[in-house]
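The structure appears right after this line, and notes come after that.
Read-outs throughout are calculated quantities, based only on the coordinates presented, and are distinct from any laboratory measurement. Fair warning: this is a prediction, and the values are worked out from it, not measured in the lab. Reconstructed Cβ throughout: ideal geometry from the backbone, glycine too, with neighbour counts over all protein chains shown.
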Amino acid sequence: MDRNYYMILFYYGPDIQRVRQKTNETIQRYRTKYAPGFNLFILDFSQSDHQATLEQALKNTSFFPETKLLVIKGATHHDTLPETLIHLIKDNQVLESKDIVVIFHEEGNIEELKKNNKEFFNFLTQKSNQSISFPLLESSNLAHWIKRECEAHEASIDPQAIRKLIQLIGNDTLLLEHEIEKLSNYTQGRLIVEQDVEQLVTTKIILNIFDFIDALATRNKERAFVLLQKELGEGRDAHYLLAMMNYQFRTLLTVKDLVQRGETMQTISKKAGLAPFVGRKAFQQAQKFDLSTLRFIYQALLELDTQTKEGRIDLPLALSQFVLRV
């Protein structure tokens with residue numbers, strides 16, 4: 001393996017889409033460079049305990065030239081796991097290895113990550129590692145990202161359309177990516193203009209999601225179930241609904257954190273990158289949940305997202321079961 005490469009890579013931050021993009025780009029780069037002797041392990045500790053698999057992957061050696069890439073997600077979801085992982089990395093001399101690279105992938109608030117996992121964070125961000133943070137994009141950086149994502153979908157977009165998209169969606173790149181894909185498919189190679197955004201990107205679904213979240217917050221499962229079935233019955237894509245639910249609960253977690261830091265409703269919208277209306281609603285809804293409940297619900301949604309991408313569940317049915325379970 002090229003010794004100029006870092007043996008430990010750390011990608012983290014609240015901009016989930018960009019964290020995931022960077023991880024996926026790195027996986028593809030290593031797969032291309034080191035095929036056919038490439039072995040990939042993706043271990044998501046937010047879903048289940050993979051410690052035994054990790055230990056085996058670190059220790060096992062091959063008679064043939066082999067490059068191992070280990071992707072470790074959600075390590076900070078467990079109180080003692082970060083410390084265990086540090087010992088495993090050191091004991092197996094990963095920093096001195098010629099054939100093992102480890103990506104640590106953490107999605108969430110940067111300050112919370114630093115505060116709750118100080119030793120782990122300091123270990124991963126030391127100069128011998130590659131560490132890249134992905135904060136939420138603002139203003140011109142967000143506009144530039146949207147333009148590049150459209151180009152990646154073989155589409156071009158007018159500056160006014162970019163402004164309208166940001167006005168309606170904010171800086172949630174995970175949700176923006178979904179809308180960009182939809183707009184690109186609709187325009188079929190022509191310039192995406194403001195009218196296209198107004199026609200396809202509607203705030204109606206956001207309003208319905210607010211009602212849905214309110215029903216969950218007040219433990220009105222019957223109403224939440226009815227609202228969900230109404231959206232599905234009207235032909236709303238289940239994957240889009242899941243993306244919106246992920247977006248809203250991630251927003252509520254961010255707002256709840258800012259509230260606990262003493263921020264006011266007036267400053268929260270700006271710091272969270274939310275449109276004023278969305279910020280006010282999120283502030284009101286965040287008061288109805290405690291932090292542990294928000295984390296539990298958001299984690300359950302992330303699990304659904306993983307399962308549906310792996311083709312292991314019927315998503316409309318799983319969403320219905322989720323509503324009755326939370």
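Within 10 Å of each residue's Cβ, count the other Cβ atoms and sort THR32, THR254 from fewest upward.
Final ranking by Cβ density, sparse to dense: THR32, THR254.
Considering every pair of different Cα atoms, what Kirkwood radius, in Å, is found for the chain?
The answer is 21.4 Å.
Rg to Rh ratio, segment 14-88, alpha-carbon atoms and Kirkwood radius?
With Rg and the Kirkwood Rh in hand, the quotient comes to 1.00.
Once both labels are modelled 7 Å past Cα along the beta-carbon direction, what's the ARG236-ASN122 spacing in nm?
Here the modelled spin labels are 4.7 nm apart.
Which links in LYS68/LYS90; LYS118/LYS256; LYS90/LYS118; LYS288/LYS309 stretch past 19 Å when you go from one Cα to the other?
LYS118/LYS256; LYS288/LYS309
Please work out, to two decimal places, the log10 of the ratio I(q)/I(0) at q = 0.26, 0.28 Å⁻¹ from a Debye calculation in which every Cα of segment 139-200 carries one identical scatterer.
-1.14, -1.37
For the chain, give the magnitude of the charge dipole about the Cα centre (Cβ charges: +1 Lys/Arg, -1 Asp/Glu; no others), in debye to the nearest 20.
420
Across every pair of different alpha-carbon atoms, what Kirkwood hydrodynamic radius in Å does segment 204-325 reach?
Computed over Cα pairs of segment 204-325, the Kirkwood hydrodynamic radius comes out at 14.8 Å.
Counting alpha carbon pairs within less than 8 Å and at least 6 residues apart, what relative contact order, in whole percent, applies to segment 8-133?
Dividing the mean separation by the residue count of segment 8-133 yields 42 percent.
As an exercise, use a Förster radius of 35 Å and the Cβ-Cβ distance of ASN220 and LEU95 to find the FRET efficiency, rounded to the nearest 0.05.
For R0 = 35 Å, the calculated efficiency reads 0.10.
Please list 3J(HN,Hα) in residue order for segment 228-244, calculated via the Karplus relation 6.51 cos²θ - 1.76 cosθ + 1.60 where θ = phi - 60°; whole Hz, with x for glycine and proline.
Working through the residues one at a time gives 5, 5, 5, 5, 5, x, 8, x, 5, 5, 5, 5, 5, 4, 4, 4, 5 Hz.
State, as an integer percentage, the relative contact order of segment 217-321 based on alpha-carbon contacts under 8 Å between residues 6 or more apart.
Averaging sequence separation for qualifying contacts and normalising by length gives 35 percent for segment 217-321.
Taking the alpha-carbon centroid of each part, what is the distance from segment 278-326 to segment 93-153 in angstrom?
24
Quickly estimate the mean residue ellipticity at 222 nm for the chain, helices only: each DSSP H run with n ≥ 4 gives -39500 (n - 2.57), and the total goes over all residues, rounded to 500.
Using -39500 (n - 2.57) per qualifying helix, the result is -19000 deg cm²/dmol.
Once you list every other residue whose beta carbon is under 14 Å from the beta carbon of LYS115, what net charge do they have if Lys and Arg are +1 and Asp and Glu are -1?
With Lys, Arg at +1 and Asp, Glu at -1, the neighbours total -3.
Using modelled amide H (1.01 Å from N, peptide plane; none on Pro or chain starts), what sits under 5 Å from the amide H of ILE157, excluding residues fewer than 5 places away?
Residues meeting the amide H criterion: ILE192.
Based on Cβ point charges of +1 for Lys and Arg and -1 for Asp and Glu, what charge dipole magnitude is obtained for segment 8-133 about its Cα centre, in debye rounded to the nearest 20?
Computed charge dipole of segment 8-133: roughly 500 debye.
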